[in-house]
1. Please compute the length gained on full extension between LYS173 and ALA17, using 0.36 nm multiplied by the number of residues separating them and subtracting their Cα-Cα distance.
2. Ranked highest first by the average count of other Cβ atoms within 10 Å around their residues, in what order do 178-187, 105-114, 225-234, 137-146 fall?
3. Going by average Cβ density within 10 Å per residue, which order do the peptides 127-133, 152-158 take, highest to lowest?
4. Length gain on complete extension for the stretch SER218 to LYS39, per 0.36 nm per residue less the alpha carbon to alpha carbon distance?
5. Can you give the extra length, in nm with one decimal, that the chain gains between ARG25 and ASN184 once fully stretched, where that is 0.36 nm per residue apart less the Cα-Cα distance?
6. So if I average 1/r over every pair of distinct C-alpha atoms in region 118-195 and take the inverse, what Kirkwood radius in Å does that give?
Amino acid sequence: MDLNRDELRRELKAIDADNRAAMPRWYDALRQIVGGDTKMSTDEKAALLGVPSPGRRTFFKLGGVTIMGAAVLAACGDTDDDASGSSSTTSTTMGGDEDSMDLPLARTAASLEKLAVDTYQTGIDSGLVTTMAIADAATLFQSHHQEHLDALNGAIKNAGGEDVTEPNEAVFKALIEPAVAAANTEADIVQIAFDLESAAAQTYVYAGGTLSTPELRSTIMTIGGIEARHAAILQVAGLGQPATEVFAAGGFYPGDNPLADIDGAVLSA
């Protein structure tokens, strides 16, 4: 690690300050998206929340592993899915066809945030994380995901739903559990966290590019920037990437949709 402890502490403090500043706007944005008065389509809402759209057959990708998007949604019990990966919406309605999937989409997003919270805790408890700088970063980043989960649950409750308290079982079983079981070193644990943060960052960057409302675009890009800085810290502190190279890149992520159609095409919003 070529980032000294003082520099890391300053960077973590700055990331935390930015996250705190963004949270009120994130709460407001979520209330517009989930059951609010918005003209966004279901696909656009799914992109903004970082989850597969129920109207498309997609892959959910984390690191080098993929899972059917329908399974990710079905893990929250809000879609009717068959083994082929097709899906249909439930009878849950909130004032129109587009709004009928607001709660399932938000609950899926919340279950993924809960998964991030639990994954960080698993890493912290694993006994493999022995570098204090990495432990400090993990504890802070876990708290940010908890705040994002709380914001999503607030929007869900505001729309008449119930809190999400369990992680996404499909993603955990397919992607996280095998990676954790195979982890033997601190770097293995950091790689899992890095893959989570990178997927989140790219999702938010893509979502920001689909939005026409300046306020929503600014908010989602700010959250995406925080996730990207999480990933950058993990690269430097835990994976041995030179700080000059990582921070010179500015934490930028491609604007491609990380959720690809089954036939390989990229989703359009």
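1. Full extension of this stretch gives 52.8 nm more.
2. Working: 178-187: 13.2, 105-114: 27.0, 225-234: 25.2, 137-146: 20.3.
Packing order, densest peptide first, comes out as 105-114, 225-234, 137-146, 178-187.
3. 152-158, 127-133
4. Details: separation 179, 0.36 × 179 = 64.44 nm, distance 1.80 nm.
Extra length from SER218 to LYS39 when fully extended: 62.6 nm.
5. So the chain would gain 53.3 nm between ARG25 and ASN184.
6. Working: mean 1/r = 0.0729 Å⁻¹.
Final number for the Kirkwood radius of region 118-195 is 13.7 Å.
Each value in this text was obtained by applying a stated rule to the coordinates, not by laboratory testing. Quick caveat, the model's predicted, so the values are computed rather than measured. Backbone-built Cβ (ideal geometry, glycine too); neighbour counts: all protein chains shown.
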